[in-house]
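Here the structure is laid out as C-alpha coordinates; the discussion comes afterwards.
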Amino acid sequence: HPVSVSTRPVVTVTRRLPAPVESALAERFDVRLNRPDTPLDAAALQEALATSDAVLCTVSDRLGAEVLGVEPLRTRLLANFGVGFEHINLDAARARGIAVTNTPGVLTEDTADLAVALMLMATRRLGEGERELRAARWAGWHPMHHLGRRLSGKTLGIVGMGRIGRAVARRAVHGFGMRLLYASRTELPAGEAAALDAVHVDVDRVFAESDVVSLHVPSSGETRHLVDARRLELMPPHGILINTSRGDVVDEGALVDALQRGVIAGAGLDVYAEEPRVNPGLLALQNVVLLPHLGSATVESRIAMGMRAFENLVAWSEGRELPDRVG
Ligand code: DGY
(Lines give C-alpha, C1' and ligand atoms only; values in the text may rest on other atoms or scores of the structure.)
Protein backbone atom coordinates (compact mmCIF):
# COMPACT_ATOMS: atom_id res chain seq x y z
CA HIS A 1 0.00 0.00 0.00
CA PRO A 2 1.45 3.38 -0.92
CA VAL A 3 2.00 5.59 2.10
CA SER A 4 -0.30 8.57 1.98
CA VAL A 5 1.92 11.65 1.84
CA SER A 6 -0.77 13.76 3.43
CA THR A 7 -0.31 11.95 6.79
CA ARG A 8 3.37 12.85 6.96
CA PRO A 9 4.27 15.85 9.12
CA VAL A 10 4.98 19.03 7.20
CA VAL A 11 8.52 20.26 7.96
CA THR A 12 9.82 23.60 6.71
CA VAL A 13 13.61 23.77 6.33
CA THR A 14 14.64 27.42 6.45
CA ARG A 15 18.01 27.17 4.64
CA ARG A 16 19.76 24.92 2.13
CA LEU A 17 21.39 21.89 3.79
CA PRO A 18 23.86 19.28 2.51
CA ALA A 19 22.22 16.91 0.00
CA PRO A 20 22.25 13.78 2.23
CA VAL A 21 20.36 15.71 4.91
CA GLU A 22 17.76 17.12 2.52
CA SER A 23 17.26 13.58 1.10
CA ALA A 24 16.79 12.03 4.55
CA LEU A 25 14.27 14.75 5.42
CA ALA A 26 12.39 14.35 2.13
CA GLU A 27 12.10 10.58 2.58
CA ARG A 28 10.54 10.92 5.96
CA PHE A 29 8.56 14.16 5.97
CA ASP A 30 6.43 16.33 3.73
CA VAL A 31 9.35 18.68 3.48
CA ARG A 32 9.44 22.29 2.26
CA LEU A 33 12.98 23.08 1.21
CA ASN A 34 14.42 26.52 0.59
CA ARG A 35 16.07 25.87 -2.79
CA PRO A 36 17.03 29.53 -3.46
CA ASP A 37 18.43 29.68 0.12
CA THR A 38 17.10 33.19 0.72
CA PRO A 39 17.00 34.03 4.44
CA LEU A 40 13.41 34.05 5.75
CA ASP A 41 12.17 37.40 7.06
CA ALA A 42 9.65 37.69 9.91
CA ALA A 43 6.66 37.28 7.59
CA ALA A 44 8.12 34.20 5.91
CA LEU A 45 8.95 32.66 9.30
CA GLN A 46 5.40 33.30 10.49
CA GLU A 47 4.05 31.69 7.33
CA ALA A 48 6.21 28.62 8.07
CA LEU A 49 5.01 28.52 11.70
CA ALA A 50 1.39 28.79 10.61
CA THR A 51 1.57 26.07 7.96
CA SER A 52 4.13 23.46 9.13
CA ASP A 53 4.14 20.95 11.98
CA ALA A 54 7.84 21.51 12.59
CA VAL A 55 10.50 23.96 11.44
CA LEU A 56 14.16 23.11 10.97
CA CYS A 57 15.66 26.53 11.65
CA THR A 58 19.11 27.97 12.17
CA VAL A 59 21.04 30.94 13.54
CA SER A 60 20.01 33.23 10.66
CA ASP A 61 16.32 32.94 11.66
CA ARG A 62 15.20 35.51 14.24
CA LEU A 63 12.53 33.67 16.20
CA GLY A 64 11.61 36.30 18.77
CA ALA A 65 8.41 36.62 20.79
CA GLU A 66 6.62 38.59 18.08
CA VAL A 67 7.32 36.07 15.32
CA LEU A 68 6.40 33.18 17.63
CA GLY A 69 3.15 34.97 18.51
CA VAL A 70 1.67 34.14 15.08
CA GLU A 71 -1.99 33.09 14.89
CA PRO A 72 -2.96 30.46 14.05
CA LEU A 73 0.11 28.49 15.03
CA ARG A 74 0.68 24.98 13.70
CA THR A 75 4.34 24.32 14.62
CA ARG A 76 5.09 22.10 17.63
CA LEU A 77 8.87 21.73 17.22
CA LEU A 78 11.76 24.01 16.31
CA ALA A 79 14.63 21.66 15.44
CA ASN A 80 17.53 24.08 15.40
CA PHE A 81 20.48 23.35 13.12
CA GLY A 82 23.33 24.51 15.38
CA VAL A 83 24.31 24.32 19.00
CA GLY A 84 23.65 27.98 19.92
CA PHE A 85 19.96 28.88 20.15
CA GLU A 86 19.88 32.45 21.47
CA HIS A 87 18.06 33.49 18.27
CA ILE A 88 15.01 31.60 19.58
CA ASN A 89 13.02 33.12 22.43
CA LEU A 90 12.64 30.03 24.63
CA ASP A 91 10.08 31.64 26.95
CA ALA A 92 7.88 32.56 24.02
CA ALA A 93 8.29 29.08 22.52
CA ARG A 94 7.33 27.48 25.82
CA ALA A 95 4.31 29.74 26.19
CA ARG A 96 3.14 28.63 22.74
CA GLY A 97 3.77 24.94 23.42
CA ILE A 98 6.65 24.66 20.96
CA ALA A 99 9.55 22.33 21.86
CA VAL A 100 13.10 23.35 20.87
CA THR A 101 16.11 21.10 20.12
CA ASN A 102 19.72 21.83 19.10
CA THR A 103 22.69 19.85 17.72
CA PRO A 104 25.35 19.48 20.44
CA GLY A 105 28.52 17.41 20.20
CA VAL A 106 28.77 17.02 16.44
CA LEU A 107 30.55 20.32 15.72
CA THR A 108 32.83 20.36 18.76
CA GLU A 109 36.10 19.29 17.12
CA ASP A 110 35.74 21.54 14.07
CA THR A 111 34.95 24.60 16.15
CA ALA A 112 37.91 23.84 18.42
CA ASP A 113 40.14 23.49 15.34
CA LEU A 114 38.98 26.92 14.16
CA ALA A 115 39.72 28.50 17.54
CA VAL A 116 43.27 27.14 17.32
CA ALA A 117 43.55 28.37 13.72
CA LEU A 118 42.59 31.86 14.93
CA MET A 119 45.14 31.65 17.76
CA LEU A 120 47.89 30.87 15.28
CA MET A 121 46.68 33.48 12.80
CA ALA A 122 46.55 36.17 15.46
CA THR A 123 49.80 35.38 17.31
CA ARG A 124 51.83 34.89 14.09
CA ARG A 125 50.00 37.70 12.22
CA LEU A 126 49.23 35.38 9.32
CA GLY A 127 46.39 37.37 7.77
CA GLU A 128 48.59 40.45 7.60
CA GLY A 129 51.37 38.37 6.05
CA GLU A 130 49.12 37.01 3.36
CA ARG A 131 47.74 40.46 2.59
CA GLU A 132 51.30 41.79 2.24
CA LEU A 133 52.26 39.04 -0.21
CA ARG A 134 49.09 39.36 -2.30
CA ALA A 135 49.59 43.12 -2.51
CA ALA A 136 53.10 42.48 -3.92
CA ARG A 137 54.61 44.27 -0.91
CA TRP A 138 56.86 41.36 0.16
CA ALA A 139 60.53 42.28 -0.22
CA GLY A 140 61.93 38.82 0.62
CA TRP A 141 63.17 37.03 3.73
CA HIS A 142 65.04 39.01 6.33
CA PRO A 143 65.54 38.45 10.03
CA MET A 144 63.31 41.27 11.19
CA HIS A 145 60.49 40.64 8.76
CA HIS A 146 56.96 40.41 10.16
CA LEU A 147 57.65 39.08 13.63
CA GLY A 148 54.77 37.64 15.59
CA ARG A 149 54.73 35.94 18.97
CA ARG A 150 55.15 32.26 19.83
CA LEU A 151 52.01 30.33 20.75
CA SER A 152 53.65 27.12 22.04
CA GLY A 153 54.30 27.04 25.75
CA LYS A 154 52.25 30.17 26.53
CA THR A 155 49.29 30.46 28.90
CA LEU A 156 45.83 29.93 27.47
CA GLY A 157 42.80 31.16 29.40
CA ILE A 158 39.50 29.56 28.52
CA VAL A 159 36.19 31.11 29.53
CA GLY A 160 33.50 28.42 29.41
CA MET A 161 34.63 24.80 29.81
CA GLY A 162 31.83 23.02 27.98
CA ARG A 163 32.40 20.58 25.13
CA ILE A 164 34.11 23.10 22.83
CA GLY A 165 36.18 24.71 25.60
CA ARG A 166 37.49 21.28 26.59
CA ALA A 167 38.31 20.36 22.99
CA VAL A 168 40.31 23.61 22.68
CA ALA A 169 42.02 22.86 26.00
CA ARG A 170 43.14 19.39 24.82
CA ARG A 171 44.62 20.85 21.62
CA ALA A 172 46.40 23.64 23.45
CA VAL A 173 47.86 21.43 26.17
CA HIS A 174 48.72 18.31 24.18
CA GLY A 175 49.50 19.99 20.85
CA PHE A 176 51.14 23.23 21.93
CA GLY A 177 52.33 22.53 25.46
CA MET A 178 50.33 25.47 26.76
CA ARG A 179 49.58 26.15 30.39
CA LEU A 180 45.86 26.27 31.08
CA LEU A 181 43.71 28.56 33.21
CA TYR A 182 39.95 28.43 32.98
CA ALA A 183 36.83 30.08 34.31
CA SER A 184 33.62 28.12 34.17
CA ARG A 185 30.42 27.66 36.14
CA THR A 186 31.24 23.99 36.59
CA GLU A 187 34.73 22.76 37.39
CA LEU A 188 36.29 19.98 35.35
CA PRO A 189 36.13 16.51 36.89
CA ALA A 190 39.31 15.93 38.91
CA GLY A 191 40.75 13.41 36.44
CA GLU A 192 40.30 15.70 33.44
CA ALA A 193 41.66 18.73 35.31
CA ALA A 194 44.73 16.73 36.31
CA ALA A 195 45.28 15.40 32.76
CA LEU A 196 45.23 18.97 31.43
CA ASP A 197 46.94 20.49 34.45
CA ALA A 198 44.09 22.99 34.33
CA VAL A 199 43.71 25.63 37.01
CA HIS A 200 40.20 26.89 37.81
CA VAL A 201 40.16 30.65 38.46
CA ASP A 202 37.67 33.51 38.21
CA VAL A 203 37.05 35.36 34.94
CA ASP A 204 39.16 38.38 35.92
CA ARG A 205 42.16 36.19 36.67
CA VAL A 206 41.83 34.50 33.28
CA PHE A 207 42.17 37.92 31.66
CA ALA A 208 44.96 39.11 33.93
CA GLU A 209 47.17 36.02 33.67
CA SER A 210 46.73 34.62 30.14
CA ASP A 211 48.66 35.34 26.95
CA VAL A 212 45.67 34.18 24.90
CA VAL A 213 42.03 34.19 26.06
CA SER A 214 39.49 32.06 24.17
CA LEU A 215 35.73 32.40 24.72
CA HIS A 216 33.45 29.34 24.76
CA VAL A 217 30.29 30.47 26.54
CA PRO A 218 26.77 30.63 25.10
CA SER A 219 25.13 33.98 24.44
CA SER A 220 22.81 34.99 27.27
CA GLY A 221 21.91 37.94 29.45
CA GLU A 222 24.67 36.79 31.80
CA THR A 223 27.44 36.58 29.19
CA ARG A 224 26.56 39.72 27.23
CA HIS A 225 29.63 41.99 27.14
CA LEU A 226 31.50 39.63 29.46
CA VAL A 227 34.53 41.06 27.67
CA ASP A 228 34.34 44.79 28.32
CA ALA A 229 36.86 47.64 28.57
CA ARG A 230 37.71 46.77 32.18
CA ARG A 231 38.56 43.13 31.44
CA LEU A 232 40.55 44.07 28.31
CA GLU A 233 42.60 46.43 30.49
CA LEU A 234 43.43 43.48 32.76
CA MET A 235 45.16 41.69 29.86
CA PRO A 236 48.88 42.05 29.18
CA PRO A 237 49.82 44.31 26.21
CA HIS A 238 50.86 41.24 24.19
CA GLY A 239 47.48 39.58 24.95
CA ILE A 240 45.30 38.05 22.24
CA LEU A 241 41.51 37.58 22.42
CA ILE A 242 39.84 34.73 20.48
CA ASN A 243 36.08 34.54 19.99
CA THR A 244 34.36 31.61 18.28
CA SER A 245 31.27 31.72 20.55
CA ARG A 246 28.87 34.60 19.96
CA GLY A 247 29.55 38.21 19.07
CA ASP A 248 27.59 39.81 21.88
CA VAL A 249 29.86 38.20 24.49
CA VAL A 250 32.33 40.96 23.54
CA ASP A 251 31.70 44.70 23.71
CA GLU A 252 32.94 45.34 20.16
CA GLY A 253 33.36 49.08 20.70
CA ALA A 254 35.62 48.42 23.70
CA LEU A 255 37.57 45.84 21.70
CA VAL A 256 38.14 48.25 18.79
CA ASP A 257 39.38 50.84 21.27
CA ALA A 258 41.70 48.34 23.01
CA LEU A 259 43.16 47.17 19.69
CA GLN A 260 43.64 50.75 18.46
CA ARG A 261 45.39 51.87 21.64
CA GLY A 262 47.55 48.75 22.02
CA VAL A 263 45.87 47.73 25.28
CA ILE A 264 46.05 44.22 23.80
CA ALA A 265 48.09 43.04 20.80
CA GLY A 266 45.45 41.36 18.69
CA ALA A 267 42.26 39.39 18.32
CA GLY A 268 40.84 36.58 16.25
CA LEU A 269 37.09 36.69 15.69
CA ASP A 270 34.64 34.33 13.99
CA VAL A 271 31.44 35.87 15.36
CA TYR A 272 29.98 39.39 15.57
CA ALA A 273 27.26 41.18 17.47
CA GLU A 274 25.16 42.01 14.39
CA GLU A 275 25.98 39.39 11.77
CA PRO A 276 26.53 39.69 8.89
CA ARG A 277 27.39 43.33 9.65
CA VAL A 278 30.93 43.78 10.94
CA ASN A 279 31.87 46.80 13.05
CA PRO A 280 33.74 49.19 10.67
CA GLY A 281 36.24 49.86 13.45
CA LEU A 282 37.30 46.21 13.31
CA LEU A 283 37.52 46.23 9.51
CA ALA A 284 39.90 49.17 9.65
CA LEU A 285 42.41 47.37 11.91
CA GLN A 286 45.30 45.12 10.83
CA ASN A 287 45.75 43.41 14.21
CA VAL A 288 42.47 41.53 14.17
CA VAL A 289 41.73 38.37 12.19
CA LEU A 290 38.15 38.38 10.93
CA LEU A 291 36.42 35.19 9.76
CA PRO A 292 32.79 34.91 8.59
CA HIS A 293 31.30 32.55 11.27
CA LEU A 294 33.08 29.42 9.98
CA GLY A 295 33.44 27.43 13.24
CA SER A 296 31.35 24.46 12.13
CA ALA A 297 31.76 25.03 8.39
CA THR A 298 33.03 21.62 7.29
CA VAL A 299 31.16 19.13 5.12
CA GLU A 300 31.46 16.63 7.97
CA SER A 301 30.02 18.89 10.67
CA ARG A 302 27.26 20.28 8.51
CA ILE A 303 26.06 16.79 7.54
CA ALA A 304 26.29 15.62 11.16
CA MET A 305 24.38 18.71 12.36
CA GLY A 306 21.66 18.08 9.79
CA MET A 307 21.35 14.42 10.73
CA ARG A 308 21.17 15.37 14.39
CA ALA A 309 18.32 17.80 13.69
CA PHE A 310 16.71 15.04 11.58
CA GLU A 311 16.94 12.57 14.49
CA ASN A 312 15.19 15.06 16.75
CA LEU A 313 12.44 15.48 14.15
CA VAL A 314 12.03 11.71 13.82
CA ALA A 315 11.87 11.25 17.61
CA TRP A 316 9.25 13.99 17.81
CA SER A 317 7.18 12.52 14.94
CA GLU A 318 7.18 9.16 16.74
CA GLY A 319 6.17 10.72 20.03
CA ARG A 320 9.48 9.75 21.64
CA GLU A 321 11.55 11.83 24.04
CA LEU A 322 13.60 14.45 22.17
CA PRO A 323 17.32 13.58 22.30
CA ASP A 324 18.52 17.22 22.35
CA ARG A 325 15.71 19.16 23.95
CA VAL A 326 16.73 22.61 25.19
CA GLY A 327 13.29 24.18 25.56
C1 DGY B 1 26.25 26.96 16.21
O2 DGY B 1 26.12 25.75 16.06
O3 DGY B 1 25.88 27.56 17.23
C4 DGY B 1 26.85 27.72 15.09
O5 DGY B 1 27.39 28.92 15.53
C6 DGY B 1 25.81 27.99 14.03
O7 DGY B 1 24.65 28.45 14.63
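Name the residues whose placed amide hydrogens come within less than 5 Å of the amide hydrogen of VAL289, ignoring near sequence neighbours (fewer than 5 apart) on the same chain.
ALA267, GLY268, LEU269
If you take the C-alpha gyration tensor of region 133-258, multiply each eigenvalue by 5 and take the square root, what semi-axes do you get, largest first, in whole Å?
Largest first, region 133-258 gives 27, 20, 13 Å.
Please sort 195-205, 50-60 by packing, taking for each peptide the average over its residues of neighbouring beta carbons within 10 angstrom, highest first.
Listed from highest to lowest mean packing, they are 50-60, 195-205.
In nm, give the distance between the simple-model label positions of LEU73 and ASP228, each being 7 Å from the Cα along the Cα-to-Cβ direction.
Here the modelled spin labels are 3.4 nm apart.
If a/c stays under 1.5 just call it rounded; otherwise compare a/b with b/c (prolate if a/b is bigger, oblate if not). Do that for region 196-278, with a ≥ b ≥ c from the square roots of the Cα gyration tensor eigenvalues.
oblate
With the crude spin-label approximation of a point 7 Å out along Cα→Cβ, what separation in nm comes out for ASP37 versus ARG149?
Going from the ASP37 label point to the ARG149 one covers 3.8 nm.
Non-local amide H neighbours of ARG32 (under 5 Å, H modeled in plane, Pro and chain starts lacking H): which ones?
Here VAL11, THR12, VAL13 satisfy the definition.
Once every DSSP H run of n ≥ 4 in the chain is given -39500 (n - 2.57) and the sum is divided by its residues, what mean residue ellipticity at 222 nm do you get, rounded to the nearest 500 deg cm²/dmol?
-10000 deg cm²/dmol
Cβ neighbours within 10 Å, averaged per peptide: list 141-148, 174-181 in order, most packed at the top.
The most tightly packed comes first, giving 174-181, 141-148.
If you count only protein heavy atoms with a 1.4 Å probe, what accessible area per residue comes out for the chain, rounded to a whole Å²?
48 Å²
Give me the one-decimal Kirkwood hydrodynamic radius in Å for region 84-191, with the sum taken over alpha-carbon pairs.
17.2 Å
Can you pull the percent of region 163-245's accessible area that's carbon plus sulfur, 1.4 Å probe, other chains left in place?
51 percent
Among residues other than ARG308 whose Cβ falls under 13 Å from its Cβ, what is the net charge (Lys/Arg +1, Asp/Glu -1)?
Result for the neighbourhood of ARG308: -1.
Work out the charge dipole of the chain with +1 on the Cβ of Lys and Arg and -1 on the Cβ of Asp and Glu about the Cα centre, then indicate which of ALA304, ALA315, PRO143 is farthest towards its positive end.
PRO143
Determine the dipole magnitude for region 221-327: charges of +1 sit on the beta-carbon of Lys and Arg, -1 on that of Asp and Glu, nothing else is charged, the reference point is the Cα centre, and the result goes in debye to the nearest 20.
Using only the charged Cβ atoms, the result is roughly 120 debye.
Using a 1.4 angstrom probe on heavy atoms only, work out the carbon and sulfur share of the accessible area of region 4-96 in %.
Within region 4-96, the accessible surface is 53 percent carbon and sulfur.
Quick one: pull the percent of accessible area on region 250-327 belonging to carbon and sulfur, 1.4 Å probe, ligands and nucleic acids left out.
Carbon plus sulfur share of accessible area: 53 percent.
The values are calculated or read from the model by the stated rules, or taken from the named source; none is laboratory data. Keep in mind it's a predicted model, so treat the numbers as computed, not measured. Because the Cβ atoms are built from the backbone with ideal geometry, glycine has one as well, and the counts that use them run over all protein chains shown. The area values use the complete protein model at the heavy-atom level, side chains included, leaving out ligands, DNA and RNA. Shrake-Rupley method; radii C 1.70, N 1.55, O 1.52, S 1.80 Å.
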